[in-house]
Every structure is written in structure tokens, then in C-alpha cells.
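Data block below; observations after.
The values are calculated or read from the model by the stated rules, or taken from the named source; none is laboratory data. None of these values were measured; they are calculated from a predicted model. Glycine gets a Cβ as well: all are built from the backbone with ideal geometry, and neighbour counts include every protein chain shown.
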């Protein structure tokens, strides 16, 4: 609306006075996108292209590598290392399930029951991050050490007999077994499960619980029919944030495992840094990426949380 | 449910109270809501009306007292075992379920398998048959409100509790939904307990209104009764507008009390006075603005005998179509409000004119002068 104090109106109806700001504004979003795009280009697209080209090269370290479109590398890598792929998926899945089982009650507690302790518990969840990943994993080496209190207790309770029978541990050792690796993975990725779970639980309107109770749902039914379905976005993002890095992890298998618990991350690491077979390492990385992408897509489709996220 | 079939389905609250630490939300309270009635709990926010409702629903545990539904003592029962359903403020519809499943929720929890027919009938009742497969967020506020009503009513509760169900709607939709809810209540015949801060809403919808203030029921009665015979200044000011005049009891004349106010005398039927009337005692004399007639001072002689009179000067007048609202400056009451129907307008009644206000003693009511004369005014203005 024109106000009385404004300057005299423009002479022509298509006064140019209003146009320049609009035209200038049109490009603003793209300028703002530029730093991000540049970042993605340098740190995502270029390495990917470089790695893709490495994966189809042949040659040796002495003579140098050339792009020969040798796609057989992929097949060879897959047929040689499929057990490690399978193991990675299994360990990551086991750790993810453990994280969910441990993390859900805690996230629920923080979101609905913690009251004034909420912030303190949140800090306790995040606190381990102040120490390096490596140190934390090494600490587990001490915790699970042979003849240590944990192993001793498990032995006395005959838990190790059961886990050894299942093939998770070996004799009276926990270290250097699948159980140790899965424990390490679970421990290291637990906060990545708790935080998204907490966020989506905390967003649930408390009146929905009251409404469910009012409509004859017992507390357990309320959880099953209202709380859990509404926390699905958190469950999905939590499991993804746990599963994806766990599947590619090599630190836990390296420090807590043995040669029998090598995951695909360990293979890639060895190929890159010890064998120096870059094409195989690059191909393995791509296969891992594709496999995870495939599983994640399938998972998100199945969980059907599109309209809840 | 059991209670609806067992003859008396009254809601009986006996000595019920709720305290949070040192704060008392609801003072010990006795209340009976007759079966099949449309009962409103009216009051400003924080007066304890919602807490009272939540104690009936079982969502809040009373600090003392008991809740009976019919003959059954439900005080210790959790909400999911009470034959009561609630329409929540801002509805609390389940966002992950479609409208059909929202409405079917209560039936399914009670193990009823074939819900289709009932849900469809209920959606017809609230005129949402077409929307059955939509999610709550795809509906308008008014439609969501009707889903909330359907979701509660389908369980055929002994009592339906409504917690400010229309608060989130705009004025026009609110009027429409008031009539709609009234229609549904008449149709299904279930007891409705309706919590609201909107006095007009309470008066249009309810058979009985309980006006609550500071955790107590100030007065309980039919809307007409509350409006015509307020017993406290809070009720007088909260329900509509009242002019309150400080007066002193002079003499008693048969069934009437004669009072001194300013220089003049006012007459008040003793039956309409809720205050003690010892000679010399103070009484607040109340009169509703629309009961007062205005006559220009020059025509004062034409006013019939036996009417209460006060003189004053018009300070302000606003024309609002069907009526004109005057604010009159008078020695006995600083801002006297008068609403006059626009039938025969006297052109002399403009700001500055000297006037005589007069009304029938039968419309006068008397209140205890020990109360705050302004109670209930700010609360209403704040909304």
C-alpha cells in the first residue's frame, strides 16, 4: 500500500524502479549454494571418480597403473572376499539389533520419565565422545582381557559355555572372538542409536498417550499401537546410523578380533596399506557401498516411514 | 457399558480435590451431573475446570474425594477401565492412523472384530464418510474436531468429556460446531461434560452450567438462572456484563428491601438478594445493562412510579446496529453501562446529555458487599 509520505509515483505504469531488486534476488540462492557445491565436488565427487577409475586399472606398483577397464577385478574381489562381506553384514546387523534393544529403553526413559535428570543422562550418553574412538576401543580390550573380572564372572555364571557352544566365543576367552567385535561395535555406535530415537520419542505429544488410555488401551497396548509406530522415524534413522558405519568399520575387528573375525573394512585396509593392491581395494569399497545402498533402500521401502519423517 | 444400563448414570463427585505441592488446583468439591444432561464447567484458565474433568476421566488422580459413575466407584480405576471417553483439547488424533482407524481405535482395543459398520455409521453422524481413508493432518480443524468427537462417541461411553473442544477453531466454525455438538448430544442422549472458558458457548450449549473460579464452583444452575440471578460478583461479571452499585440497607418494605445509594433510593426484592440484609449493612446492587431504560432529564416526569432511578450524564455511546451501548457517568457508579434497542431513538441521547436511568425493581439483584466488586472482569477481557 502506498503511503502519503512516499515520493511522487513513477511516470509509466511499468516503472523500472521495482525490477532490479527482484532480478538481483533471483541468483542469490545459487550463490549461497556455491560453497556447498564446491565442497561436495572436491570432497565427494572427485574422490569417487578417482576411486572408480582406480578400480578398473591394472598394473603393478613398479610399472604403474593404467585404466584398462578391467572389470574382472570386481568379480575376483567378490569371489575371494565374500565371507568377509557376509561377516560384516552379520556383525553390523547384530550390533544394530543390540543397540536398538539397549538404546530404546534408555531413549524412552530420557524422553518421558527422566524429568529434571534428562540433561544429565543426555550428557552421560554423549560423554564417551570426548575420548577418541581408538582409546575407547582399546579400553574394551582391557575390559574383556583374558582372566579379567568380566571374563571371570561370565565363566563362573557358565555364560561362556553357552556362547562358546554358539560359536560366539572360544573356550574361556572373549577377546579375539565374534562376541568381542560385536560388543565393541555396539558400544561405539550406541549413541548414534539413542540420539535419533530420543528425538523422535520426545516429539510425541503426551496427550496421544492419554488419548490411547482413554480409548481403553492398556499401557503395553499404548506402546505397541501408538508410541512405537510414532517412533519409527527414529528407529529407522538410528538403525541406519548404526548399521552403515558398523558394516564398514575395521577398528573393532582389528583391536578386539582375530584373523577369524576380519570384516570387509579390514580387508580393504590391508589391500590399500599393506598389499598395495589399489584396484582391488577400490573395487571392494564400491561393492560395499553398493551393497549398503541396496540394503538401505530396501529397508526404508519396507519400513514405510516416508510420511512420518 | 455397565453403568449406562444400570439405571442411574449420574456422575457424582464427592469432596474431590487436587493439590500440586502447595498449590490447590481444585478445592474440595461436590458435584452431580445428571444422566443425559449437557453440563458445562465454565471458568477462566487456571480455575480448575480442566483438572476436574481430568479427574473424571482418570487422567489425574484426586488428592481427596471419590468419583462415582452411576453406582460404580471409579476413583481407583485407570482411564482405560473407565466407561468414559474424552474429546481432547486440540484433539490428540493419532497422526499415524487414518480417520477410520482413529475412530475404530477404542472398539479394537475392546476386542471387537467387525468394526466397519459401526465406524461408517459414526462417520456418517459427524458427516465425514468421504474422509475415512485420509490422515488427520489432511483434514481441516473443524473436520479433525468431528473425528475427535466420533472417536470418543463410538464407544458409547456413559459420559463424554469435552476439554475446550472448540478452542482451536475460528469464531464462525465455533458457532457452527456448537450447534452440531448440541445436535449430536440430543441424538445420542449421552451425558456431556463440557469444559470451556467461553461464557457464550456454555450458555448456548449446556442445560446446566457450573461457574468455577479459583478451584471452587461459584454457582451452578441453568444458563438463564445464572444470568438473571447471579449469586457472586464473579458470576455477575464473568457471565455477560453487570452494573454493580454499592448501597446500604435502609428499611424493609414487605418483600422488598429499600437501599440508599448516593443520594437516591433503590428497591430490591428480598428473594433476589444473596447477601445478609441487616439495616445499615452494605449490599452490592446489580442490574444488567439491557434491563435499563434511558430517559432524557427533561422528560423525567414521564417515568412511571415504582421504578429504580439513577441520574447521570452520557459519557460515551456506540452504535452497533441492533442496539446502542451507552456509558453513563453517575455519582453512584462511575461507568454505568446501558444497552438500548434501536426502536425509537431519542436524538437528544448523545454524549454530554443529562439522563435518568430507570429499571424495574424485579430485575435488580443483590450481592454480598464483602466481595471484590471487579471479580471476573479482567479474566474475561484477557480472553
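When the range A:62-78 is limited to residues that are more than 34 Å from the chain's Cα centre (by Cα) and assigned to a loop (DSSP other than H, G, I, E, B), the one that is modelled with the highest pLDDT turns out to be A:68.
Residue under question is residue B:18, and the condition is that it be closer than 29 Å to residue B:235 by Cα and either surrounded by fewer than 23 Cβ atoms within 10 Å (Cβ to Cβ) or assigned by TED's automatic domain parsing to the domain that holds residue B:149 (or both); does it hold? Spelling it out, residue B:18 is indeed closer than 29 Å to residue B:235 by Cα and either surrounded by fewer than 23 Cβ atoms within 10 Å (Cβ to Cβ) or assigned by TED's automatic domain parsing to the domain that holds residue B:149 (or both).
Got at least one residue in the range A:266-276 being free of Cβ contacts under 8 Å to residues at least 24 places away in the same chain, surrounded by fewer than 19 Cβ atoms within 10 Å (Cβ to Cβ), farther than 30 Å from residue A:72 by Cα and away from chain B (no Cβ under 12 Å)? No: zero hits. Just one of (1) surrounded by fewer than 11 Cβ atoms within 10 Å (Cβ to Cβ); (2) within 30 Å of residue A:183 (Cα to Cα) fails for residue A:107. It is (1). With respect to residue A:253, determine if the residue is farther than 30 Å from residue B:112 by Cα, touching a residue at least 24 places away in the same chain (Cβ under 8 Å) and more than 14 Å from chain B (Cβ to nearest Cβ). Judged against the criteria, residue A:253 is a match. Among helices (runs of 4 or more DSSP H) entirely within the range B:25-133, having at least 3 residues that are within 14 Å of chain A (Cβ to nearest Cβ) and within 30 Å of residue B:377 (Cα to Cα) singles out B:49-57. Of the helices (runs of 4 or more DSSP H) that lie entirely inside the range A:164-222, those containing 2 or more residues that are surrounded by 21 or more Cβ atoms within 10 Å (Cβ to Cβ) span A:178-202, A:206-214. Among the conditions (1) surrounded by fewer than 23 Cβ atoms within 10 Å (Cβ to Cβ); (2) more than 14 Å from chain A (Cβ to nearest Cβ); (3) within 21 Å of the chain's Cα centre (by Cα), residue B:167 misses just one, which is (2).
Within the range A:215-228, residues that are more than 7 Å from chain B (Cβ to nearest Cβ) and without any contact (Cβ under 8 Å) to a residue 40 or more places away in the chain have Cβ atoms under 9 Å from residues that are assigned to a loop (DSSP other than H, G, I, E, B) and surrounded by fewer than 14 Cβ atoms within 10 Å (Cβ to Cβ) in these pairs: A:219/B:78, counting only partners at least 6 apart in sequence or on another chain.
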